[in-house]
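As structure tokens, the structure follows; a few thoughts come after it.
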Amino acid sequence: MKLKGRVAIITGASSGVGYAAARLFAREGATVVVAARRRERLDHLVAEIAGEGLQAFSIPTDITDSGEVRALVDRTVSLLGRIDILLNCAGSVQRISPLEQFTDSDWRKVIDTNLSGVFYCARAIVPQMKAQRNGTIVNLGSRVGRVGVGNIAPFCAAKFALSGLSQALAQELRPYNIYVTTVFSGMIDADMAPLNPDVNLRKRFMTTEDVAQALLWVCTLPPSLRVDELPIMPRLIDL
């Protein structure tokens, strides 16, 4: 088991990559703390993991609320004594529209979910990791955080900003043996509302399980190696 004895908090764990990563990391020996807003989905996930004889805890959390994020971190430390890994997997496109059709509320929801939530999670967890002098933070970004795409401008803006946040945080934390990686992902066959790709096209996307494997690889690097940024794409298409 590659992660035996380690504790991982995984946001966005009620579906998609977060859900797949929670199952994979638990199978590799980690105690996983799964966080998202949908309690029933988290409880189902924890039951699945427990059914395999593995350990997981559900802490329903709205990552756009800094108080709830602080409670997530405090409860995890109280229960388990440490936090070794943070996977920031939560994300939202919100809508597909020309820029002028996005409302103030649309903008805030996209920025809060994709950027502010990562900031809140990192800010809450970093003191614990500094005290341990050890930790790994992995932020799930997007290829549109490197190349802008029309009609999802707020999402692009959030993911571009996430890259800068990750780079700055990586420099701050490296002296404490804490490493930050951004995984820039292409299209994933997951719940992509409001996107509605053709079923045949979806078959050519990456699976959530495959992306979870990339996250696991980042978290199990040899001690002499770090990866600051990792672009991953479907093998057959440039999306």
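The values are calculated or read from the model by the stated rules, or taken from the named source; none is laboratory data. On a predicted model such as this, the values are computed, not experimentally measured, just so you know. With ideal geometry, Cβ positions are generated from the backbone for all residues, glycine too; neighbour counts draw on all protein chains shown.
Inside region 146-165, residues that are outside any helix (DSSP H, G or I) and basic (Lys, Arg) make up a count of 1. Where strands (runs of 3 or more DSSP E) fall wholly inside region 5-104, the ranges with 1 or more residues that are hydroxyl-bearing (Ser, Thr, Tyr) are 7-11, 31-35, 56-58.
The single condition among (1) surrounded by fewer than 16 Cβ atoms within 10 Å (Cβ to Cβ); (2) in contact with a strand residue (DSSP E or B) (Cβ under 9 Å, 6 or more places away or on another chain); (3) within 22 Å of residue 4 (Cβ to Cβ) that residue 53 does not satisfy is (2).
Would you mind stating whether residue 126 is over 17 Å from residue 89 (Cβ atoms) and not in a helix (DSSP H, G or I)?
In short, no.
Checking each residue in region 1-50 for being hydroxyl-bearing (Ser, Thr, Tyr) and surrounded by fewer than 24 Cβ atoms within 10 Å (Cβ to Cβ) picks out 15, 31.
Scan region 1-23 for residues that are hydrophobic (A, V, I, L, M, F, W, C), at pLDDT 95 or above and touching an Asp or Glu at 6+ places or on another chain (Cβ under 7 Å) and jot them down. Hits for region 1-23 are 3, 7, 8, 20.
On inspection, residue 223 does not qualify as surrounded by fewer than 13 Cβ atoms within 10 Å (Cβ to Cβ) and assigned to a helix (DSSP H, G or I).
Of all the criteria given as (1) crowded, with 18+ Cβ neighbours inside 10 Å; (2) under 16 Å from residue 91 (Cα atoms), the one not satisfied by residue 173 is (2). For residue 20, are the conditions met, namely being over 16 Å from residue 69 (Cβ atoms) and in contact with a strand residue (DSSP E or B) (Cβ under 7 Å, 6 or more places away or on another chain)? Taking the combined requirement at face value, the residue does not satisfy it. Looking only at residues of region 87-117 that are of a type in the set (S, T, N, Q) and closer than 20 Å to residue 17 by Cα, we find that the one that is surrounded by the most Cβ atoms within 10 Å (Cβ to Cβ) is 114.
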